[in-house]
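**Student:** Structure in C-alpha cells, see below.
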Amino acid sequence: MGPTMRENREEGSRGRARRAKDRRARRAGVGTPKNSLRRSRKGREAGPRVVPIAGRRSTRSNRNTGYRKFEGDPVGNKTPIGYGRLRVVAAVFVVIGLLLGARAVHIGLVDDERYGAFASEVGIEQLASPGVPRGSILSADGRELAKTLEAARIVATPYLIEDPASTAKLLADVLGPAVGLTEKEILASLSATSPTGEPAGYSEVAADVPPEAARKIEEKVAELGVGGVETEPDTVRVYPEGALASQLTGHQGDFGEAFGGVESGQDQRLASGEDVNLTIDTAVQQELEDALEATVEKHEAKSAIGLMMRVEDGSIVALANSPGFDNNEFGEASPEAQRNRVLTDPYEPGSTFKAFTVASALEAGAVSTRSTFVVPDSIAVADRIIHDSRPHETKVMEPADVIRESSNVGAIQIAQALGGQRLHDAILRFGFGEPTGVDLWGEDPGIVPAYEDWSGSSIGNIPIGQGLTVTPLQLVAGYAALANGGQRVTPHVVERGAPAPKGPRVISEETSDIVGTMLQGVVEDGSGHLAQIPGYTVAGKTGTSQKVDPETGAYTTEYVSSFVGFAPATDPEFVMLIAVDEPQTTYWGELAAAPYFQDVMSFALGYYNVPPDDPASQSGETG
C-alpha cells in the first residue's frame, strides 16, 4: 500500500469516476445496506417453551404442588412435571447436532473435491471464499494482463452528517484528484434520502479509492470529528496492459461478473485466488495487433483478426482483433469491439478451404499427385455456372497446379472425383461444424450442412469454401493438422502442466507432406509470394471470400481477404491466419493479408530463435 502500490494503480485509474458514478446510481442511499446486520424486531422470537400438561392427579396435594411421587421411590423424591421429558428432548437435539456437525466436517475435509466436481458437472458455481483476492492473468512472458489491487470504498450515513456541504468540500479535496469526483457529486451522495424523504441510512460516496487516499480521509474525519463517513476495504480489477489482448483477456465488472475471454472461461479458478498462466506472448501479441491496425488503416477495412498457434499442440501464441479497446474502459467499448471475433464470428472461408478438398481427395485415393484435369475457366454445376477468379484458356492441371493457381473449376473437378458424401465426411473429420474445445468463452461451431441437405450445386460451392461457415479459430486448427503430420489439435490459451495428447488422425503423414509442398508452391510461385520470409520456407493459401447478407442470404459486394499459412514449411513450428473484413482499396488476400502475415511470422521465427531452413534465400532474393 506504499509507493509501489500507487505505481501499479496508475494504469488502472482511468474510468474510476465513471464506474463510481454508475455504482452510486444503483446503490445510493435507500435505507440500510443490503448486507447490514441490522434487523427489525416485531416481538419476541419464536422458540421452544415448556407448557404445563393437564392431567388427572390422584390426590389434592399433587394437584396443588405440581409434584408427584414416583412409585418405588424409597425417599419420596419429588420431580417437576414434564422435566424428565424435556431432558430427553434436549438430549436428542444434542445428539442430532453432533451428528450433523460431524458430517459437515467430513464433507469439508474428505469429500470437498468430489462434491466440487459434482457441482461443476451439474452447473452449480462454486463461490470463492470471502476475502480472497481474485487471481491474476499472466502472459507466457510474465506480464500481468489482469490483476486485483487493494482499494477502498467511502460510504456515508446521511442522517448522521450534521453539515453535508462542509463535509463534501472536505472529501472533494481528496477524492477529486484520486477518483475524479466533484464536490457537487459528493454532496449528492451525502444528502441521499430514503423513500420517505428522510436522510438515508446508507450511501456509497466513492468506489475504487486508492488506499493512500482512503487513509487521508480517515485522518481528516478523525481530526475534525466528522460523523457519518467511513471507509470500507475493497478491491479493484485493473488491466495493466490496457488494450493489449483485451478481447482474449475478457473483463470483470464492478460487481464481480465476468465478461468473455479468460475472465469468464477461468472464472472459478480466478475467483478462488488462483493465478492463470497463458500461452500468449505479449511481444508477439503486440506485433500482431500492430499489423492488424496497419492493414485496417491502409486498406480502409471494417476490421481484421489474427491468430498464431503452435502446430504441434494447439497452444495459441497470439490472438487479436482490430479495432480493440482499453480493458480499463470496457463499458465505453461497443459490443462488437468487445467480442472475440476469432471464435465467435463464423464466415465462408473461400479459397483457403481448397487445401482441405485436395487433402481429402488425396487421402481417399480419389486422385494422386499425377492426376490431370482439363480445366476451363468456368464449369456448370446443376443450375449454376461457376467461374475461376481470372479468365484463362482451357489448360491441363494437376492438383498442385489447382492449389497454386487457386482454380475454382479445378477444385470442383477434384471434389467430383472424390464424391459429395466422402467430401462431407472428411470435412467433419477435420473438426469443422463443431467447437474446437478451446478454453475460452463464446465459441461458435460454424455450419457444415448435413449431406442429405446438399443441393445439386453444393458439390460446386462447398469444395471452394462457399455454402459452409467456419470460425477463424477452426480454420487455423484445421491448417495445424495439415502441417503437423495429419493430427487434430485442441487450441488453448491456458498453459498446461503437461503436454496434451494429440487428437485423432485425419490424414496420413504422407498426405500432410504432399499438401504442405503444394502450399509451399503457392508462396514461392503463386498468389502468396508476398508472404515469403528470407531464410525460411513458407507454405500457405490466399483467400478472397464474398460475404453473405445475413437477412437475404444473397452474396454482397463486400469481401473477407485472408492469408493462412505455416513456417518453416519443411518443419512447421507456427501456423497463422490474417483475415481482413471489407477492405476498400483491394479485395485480394495476397495484398490485404499476405504482407502482414509475413511481418508477424518473420518476427516470431526470429523471436523464438527458430533455425532458418532456407539459407539460400537469406540474401533477400526470393524470386
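The values are calculated or read from the model by the stated rules, or taken from the named source; none is laboratory data. Here the structure is a predicted model, which is why all the values come from computation and not from measurement. A quick note on method: Cβ atoms are made from the backbone with ideal geometry, for glycine too, and the neighbour counts reach across all protein chains shown. Side chains included, ligands, DNA and RNA excluded: accessible areas come from the protein's heavy atoms. Shrake-Rupley method; radii C 1.70, N 1.55, O 1.52, S 1.80 Å.
**Student:** Please name all residue pairs, on different chains or six or more residues apart, with Cβ atoms under 9 Å, provided the first residue is in segment 164-192 and is within 14 Å of Val229 (Cβ to Cβ) and the second residue is aromatic (Phe, Trp, Tyr).
**Tutor:** Every condition considered, the pairs that remain are Ala192/Tyr202.
**Student:** Just to be sure before I move on: is Leu468 touching a Leu at 6+ places or on another chain (Cβ under 9 Å) and of a type outside the set (Ser, Thr, Tyr) in the structure I sent?
**Tutor:** No; evaluated as a whole, the condition is false for this residue.
**Student:** Just wondering, is there one or more residues in segment 387-399 that are within 24 Å of Ser512 (Cβ to Cβ), assigned to a loop (DSSP other than H, G, I, E, B), acidic (Asp, Glu) and assigned by the TED database to the domain that holds Glu558?
**Tutor:** Scanning segment 387-399 turns up at least one residue that is within 24 Å of Ser512 (Cβ to Cβ), assigned to a loop (DSSP other than H, G, I, E, B), acidic (Asp, Glu) and assigned by the TED database to the domain that holds Glu558.
**Student:** Related question: List pairs: first in segment 362-380 and assigned by the TED database to the domain that holds Ala417, second in a loop (DSSP other than H, G, I, E, B) and loosely packed, with under 12 Cβ neighbours inside 10 Å, Cβ under 7 Å, 6+ apart or cross-chain?
**Tutor:** So the pair list comes out as Val374/Thr394; Val375/Thr394; Pro376/Thr394; Asp377/Pro391.
**Student:** Can you name the condition, by its number, that Ile280 falls short on among (1) assigned to a helix (DSSP H, G or I); (2) buried (at least 21 other Cβ atoms within 10 Å of the Cβ); (3) within 15 Å of the chain's Cα centre (by Cα)?
**Tutor:** (1)
**Student:** Sort through Glu558, Glu551 and tell me the only one that's assigned by the TED database to the domain that holds Thr586, open to solvent by 10 Å² or more (accessible area, probe 1.4 Å) and outside any loop (DSSP other than H, G, I, E, B).
**Tutor:** Residue meeting the stated conditions: Glu558.
**Student:** Given the criteria among the charged types (D, E, K, R), free of Cβ contacts under 8 Å to residues at least 40 places away in the same chain, over 23 Å from Phe597 (Cα atoms) and part of a helix (DSSP H, G or I), does Glu263 qualify?
**Tutor:** Spelling it out, it is not the case that Glu263 is among the charged types (D, E, K, R), free of Cβ contacts under 8 Å to residues at least 40 places away in the same chain, over 23 Å from Phe597 (Cα atoms) and part of a helix (DSSP H, G or I).
**Student:** With respect to Gly467, determine if the residue is outside any helix (DSSP H, G or I) and either assigned by the TED database to the domain that holds Leu423 or of a type outside the set (Asp, Glu) (or both).
**Tutor:** Yes: the conditions hold for Gly467.
**Student:** Filtering segment 446-490 down to residues that are without any contact (Cβ under 8 Å) to a residue 40 or more places away in the chain and farther than 17 Å from Leu423 by Cα, which residue is most open to solvent (accessible area, probe 1.4 Å)?
**Tutor:** Gln487
**Student:** Among the listed residues Gly350, Gly314, identify the single one that is open to solvent by less than 10 Å² (accessible area, probe 1.4 Å), under 19 Å from Glu558 (Cα atoms) and among the small types (Gly, Ala, Ser).
**Tutor:** Just one listed residue meets the conditions, Gly350.
**Student:** So Val375 ticks every box in (1) aliphatic (A, V, I, L, M); (2) open to solvent by less than 20 Å² (accessible area, probe 1.4 Å); (3) on the phi > 0 side of the Ramachandran plot but one. Which box is left unticked?
**Tutor:** The failed condition is (3).
**Student:** Take Glu274 and decide whether it is at negative phi and assigned to a helix (DSSP H, G or I).
**Tutor:** No.
**Student:** I want to confirm something. Restricting to segment 393-426 and keeping residues that are over 37 Å from the mean Cα position of the chain (by Cα) and of a type in the set (S, T, N, Q), which single residue is nearest to Ser458 (Cα to Cα)?
**Tutor:** It comes out as Gln416.
**Student:** Got at least one residue in segment 523-541 being free of Cβ contacts under 8 Å to residues at least 24 places away in the same chain, closer than 30 Å to His387 by Cβ and open to solvent by 20 Å² or more (accessible area, probe 1.4 Å)?
**Tutor:** No; the residues of segment 523-541 include none that is free of Cβ contacts under 8 Å to residues at least 24 places away in the same chain, closer than 30 Å to His387 by Cβ and open to solvent by 20 Å² or more (accessible area, probe 1.4 Å).
**Student:** Looking only at segment 594-620, which residues are surrounded by 13 or more Cβ atoms within 10 Å (Cβ to Cβ) and either in contact with a helix residue (DSSP H, G or I) (Cβ under 7 Å, 6 or more places away or on another chain) or free of Cβ contacts under 8 Å to residues at least 24 places away in the same chain (or both)?
**Tutor:** Of everything in segment 594-620, those that are surrounded by 13 or more Cβ atoms within 10 Å (Cβ to Cβ) and either in contact with a helix residue (DSSP H, G or I) (Cβ under 7 Å, 6 or more places away or on another chain) or free of Cβ contacts under 8 Å to residues at least 24 places away in the same chain (or both) turn out to be Ala594, Pro595, Tyr596, Phe597, Gln598, Asp599, Val600, Phe603, Ala604, Gly606, Tyr607, Pro612.
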